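The structure under discussion appears below in the form of structure tokens.
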Amino acid sequence: MRAAAALRLGDAARAQAELAALPDGPRVQVLQARAAHQLARPGAPAVTLAARAQARAAGDSAALVAAAVLLAEQEYPQATSPYAPLRTLAEGLKVAELSGQSADPHLLAVLAHVQARLNPRKAQATAHKALDRSAPRSPARVLALLALERAAEAQAEADAGELAPVWWAAFQRSPAAAQAIPNGT
């Protein structure tokens, strides 16, 4: 819990220290991948791929969805087309479907940004779903609001949740986030 809280605040170094004391497993691996991503480590995508593989092998659906979302976040800014992150997110959607759960709001919020490159109307519908399912002051809520081009509300949610800008930085260049939060918290 403390590692996840540190990641919300953007304190990836503290999160890594907390994670070092925990037994290895798919969820710990995904949190370590998120920390590497937040620290902008060059090997972060490889760490995420390894976490996804471990989650698959362990059959941990929650860790697999989280790894798919993180991998799509990493693919999004460098993708020349939205299809790579779309395929990655499709795996997360399929896992949720097979496990009988509704789609994760964070996954839906990221999906809305990816869809904006192909079908803005569909992206808006997906962002509304993400917003409806997201918890107040969560990264999913901020991303959904940005996809809906509601930057002032996104800023208020980010401030209230003490969220670090790293949660939405990858989406600053997207059309839906053109008016995004300029400086974060």
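Leaving ligands, DNA and RNA out of it, rank H113, H128 by accessible area with a 1.4 Å probe, largest first.
Largest accessible area first, the residues go H128, H113.
Run through every distinct alpha carbon pair of the chain and return the Kirkwood hydrodynamic radius in angstroms, one decimal place.
16.2 Å
All other residues with a Cβ under 13 Å from the Cβ of V30 taken together, and with Lys, Arg as +1 and Asp, Glu as -1, what is their net charge?
Taking every Cβ under 13 Å from that of V30, the sum is 0.
May I ask you to give the solvent-accessible area per residue for the stretch 1-66, in square angstrom, as obtained with a 1.4 angstrom probe?
In whole numbers, the stretch 1-66 has 52 Å² accessible per residue.
First measure r as the distance between the Cβ atoms of A20 and A152, then evaluate 1/(1 + (r/R0)^6) with R0 = 45 Å and state the FRET efficiency to the nearest 0.05.
After rounding to 0.05, the efficiency reads 0.70.
From the backbone phi of the stretch 101-118, what are the Karplus-calculated ³J(HN,Hα) couplings (6.51 cos²θ - 1.76 cosθ + 1.60, θ = phi - 60°) in whole Hz, Gly and Pro given as x?
10, 6, 4, 4, x, 5, 4, 5, 5, 5, 4, 4, 5, 5, 5, 4, 6, 10
If I compute solvent accessible area with a 1.4 Å probe over the protein chains, what percent of it on the chain is carbon and sulfur?
Of all accessible area on the chain, carbon and sulfur atoms account for 54 percent.
The values are calculated or read from the model by the stated rules, or taken from the named source; none is laboratory data. Not measured: the values here are computed from a predicted model. Neighbour counts run over all protein chains shown; Cβ positions are idealised from the backbone, glycine included. For the accessible areas, the whole protein counts, side chains as well, though only heavy atoms, and no ligand, DNA or RNA atoms are used. Shrake-Rupley method; radii C 1.70, N 1.55, O 1.52, S 1.80 Å.
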